[in-house]
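Trainee: Quick one: the structure is below, questions incoming.
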Amino acid sequence: MIVRPMTRLLHTTTFMTSAAKTSQCPPDQGHEVAFAGRSNAGKSSALNALTQQRQLARSSKTPGRTQLINFFTVSTEETRLVDLPGYGYAAVSASLKANWQRELQDYLMQRRSLAGLILLMDIRHPCRDSDIMLLDWARTRALPMHILLTKADKLNRGPAISALNQVQRQLKTENYEASIQLFSATQGTGLEACENLLQTWLGISFPISTVTDTPGSIPQDSNSNEQITR
Ligand SMILES: Nc1nc2c(ncn2[C@@H]2O[C@H](COP(=O)(O)OP(=O)(O)OP(=O)(O)O)[C@@H](O)[C@H]2O)c(=O)[nH]1
Ligand SMILES: [Mg+2]
């Protein structure tokens, strides 16, 4: 028998249910963390990387793929991760866009069990109007916010750090309280830092010795030195 660190709890995540509108969401109890961002920002890929499951959330080259609110349980139904529909997809009709925006706003403003928002932005195209709109909603209800600058592998280290600093400065100037980090689902950049935050928000940071597992079931983190900045 070996001790299993709590970061591995995320790897037990399973699909729970989908909702086409907020009224179909599961009971508003416990804690959940939502992943939001423009279409194609990498939400589903991030969820798969964080949970170490290739097909948990469906990722796609076709923007606008995730059109439902998808709920996943971590360990129990009281702790959930949520993959929100991507916004800003140009090829969607205006009325559908308006409808998604209303649903997204309803969810973010009213969901009591929502413990925090992970906002994902492609590192090459951060802080679009729709991203700022989301930050505004979250700020209105003082929801904890964390930003993943995704697809960091698309830039060299220097430009990636510059982009991080620039977004951080913009957030500070505009008075948004959000932590931020680099992230790459394909290279594993920033996984551990984000996992730790998710555990804290979900309230699943049990003492390390309470979880055990059999040998051979522990994937190794490829980047243990990534940090969150504020
Ligand atoms: N290079 C690189 N590509 C990525 C990364 N994350 C996602 N992608 C690619 O970006 C595209 C969109 O990824 P998804 O995870 O489906 O994005 P999404 O935000 O869930 O998109 P919607 O469901 O349409 O809102 C896919 O082709 C992914 O393979 C990453 O870290 N690096
Ligand atoms: Mg998706």
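The values are calculated or read from the model by the stated rules, or taken from the named source; none is laboratory data. Keep in mind that this is a model prediction, so the values were computed, not measured. When we count neighbours, we look across all protein chains shown, and the Cβ atoms used for this are built from the backbone with ideal geometry, even at glycine. For accessibility, only protein heavy atoms count, side chains too; no ligands or nucleic acids. Shrake-Rupley method; radii C 1.70, N 1.55, O 1.52, S 1.80 Å.
Trainee: Can you go through A115, A193 and tell me which one is assigned to a helix (DSSP H, G or I) and open to solvent by less than 50 Å² (accessible area, probe 1.4 Å)?
Mentor: Going through A115, A193 in turn, the sole match is A193.
Trainee: Being open to solvent by 60 Å² or more (accessible area, probe 1.4 Å) and either at pLDDT below 90 or on the phi > 0 side of the Ramachandran plot (or both) is the filter here, so list the residues in the range 45-88 that pass it.
Mentor: Across the range 45-88, the qualifying residues are Q52, R54, Q55, R58, S59, K61, T62, R65, Q67, L68, S75.
Trainee: Please determine whether any residue of the range 89-100 is farther than 22 Å from E195 by Cβ, among the charged types (D, E, K, R) and either open to solvent by 50 Å² or more (accessible area, probe 1.4 Å) or assigned to a strand (DSSP E or B) (or both).
Mentor: yes
Trainee: Does the range 54-67 contain at least one residue that is under 25 Å from T13 (Cα atoms) and away from ligand 2 (no atom under 15 Å from the Cβ)?
Mentor: No, the range 54-67 has no match at all.
Trainee: If a residue must be part of a loop (DSSP other than H, G, I, E, B) and either open to solvent by 70 Å² or more (accessible area, probe 1.4 Å) or in contact with a Cys (Cβ under 8 Å, 6 or more places away or on another chain) (or both), how many such residues does the range 123-132 contain?
Mentor: Total meeting the criteria: 3.
Trainee: List the residue pairs whose Cβ atoms are under 6 Å apart, where the first residue sits in the range 112-133 and is in contact (Cβ under 8 Å) with a residue 12 or more places away in the chain, the second is assigned to a strand (DSSP E or B) and among the β-branched types (V, I, T), and the two are 6 or more positions apart or on different chains.
Mentor: Here the result reads A115/V33; G116/V33; L119/I147; L120/T150; D122/T150, each pair linking the range 112-133 to a residue that is assigned to a strand (DSSP E or B) and among the β-branched types (V, I, T).
Trainee: Out of the residues in the range 133-170 meeting the condition of being part of a helix (DSSP H, G or I), of a type in the set (D, E, K, R) and more than 13 Å from ligand 1 (Cβ to nearest atom), tell me which one is surrounded by the most Cβ atoms within 10 Å (Cβ to Cβ).
Mentor: The extreme case among them is R139.
Trainee: Run Q29 past the list (1) open to solvent by less than 10 Å² (accessible area, probe 1.4 Å); (2) away from ligand 1 (no atom under 13 Å from the Cβ) and report the number of the one that doesn't hold.
Mentor: Q29 satisfies all of (1) open to solvent by less than 10 Å² (accessible area, probe 1.4 Å); (2) away from ligand 1 (no atom under 13 Å from the Cβ) except (1).
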